[in-house]
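First up is the structure itself, then whatever we jot down about it.
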Amino acid sequence: MAMLHITKENYQELVEQSAQPVLLEFWAPWCTYCRRIAGVVAKLPEAYAGRAAVAQVNIDEQPELAQRFSVDTIPSLILVKNGAAGEKLVAPGSKADIDAWMQAQSV
């Protein structure tokens, strides 16, 4: 499964109408910490294939989505299930942190 790129134009189709949960990573190209965990995030679509879609939201290009989810710090991860956003994970330190958070979200 490939990484999805979410915009305000495709959000409803790819996230709200998704048959499976969607893990959103809010990031920006200038964010040093976002670049540091980019390798981990790139592996998430394969790691969660069949359980969740994984998508990125560039906050510089999609400020409306960042505002909608009250994203003040990046990277921030939000899991959307059945169109509803769950608890936010801010600046995860490792894939293990993401895995534990996803397990707590029942994914």
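Enter the Cα centre distance for the pair region 80-104 and region 1-38, rounded to the nearest angstrom.
Comparing the Cα centres of region 80-104 and region 1-38, I get a distance of 13 Å.
Could you pull out the GluC sites (Glu not before Pro) across region 1-90 that fall in loop regions by DSSP (anything but H, G, I, E, B) with no more than 10 other Cβ atoms inside 10 Å?
Answer by residue number: GLU9.
Please compute the net charge surrounding SER94, taking Lys and Arg as +1 and Asp and Glu as -1 over other residues with Cβ under 14 Å from its Cβ.
Neighbourhood net charge equals +1.
Among all stretches of the chain without exposed trypsin sites (Lys or Arg not before Pro) (DSSP loop, at most 15 other Cβ atoms within 10 Å), which one is longest?
Answer from the scan: 52-107.
Would you mind counting up the charge near LEU23? Only other residues with Cβ under 14 Å from its Cβ, with Lys and Arg at +1 and Asp and Glu at -1.
0
Can you run the Rg to Rh ratio on the chain? Use alpha carbon positions and the Kirkwood inverse-distance Rh.
0.91
Using each residue's phi in region 17-23, evaluate 6.51 cos²θ - 1.76 cosθ + 1.60 at θ = phi - 60° and report the 3J(HN,Hα) Karplus result to the nearest Hz, with x for Gly and Pro.
Taking θ as phi minus 60°, the curve returns 9, 5, 6, 10, x, 10, 8 Hz for region 17-23.
Values quoted throughout were computed directly from the atomic coordinates according to the rules given, and no laboratory measurement underlies them. Nothing here was measured: the structure is a model prediction, and the numbers come from that model. In this analysis, Cβ positions are derived from the backbone assuming ideal geometry, glycine residues included, and neighbour counts consider all displayed protein chains.
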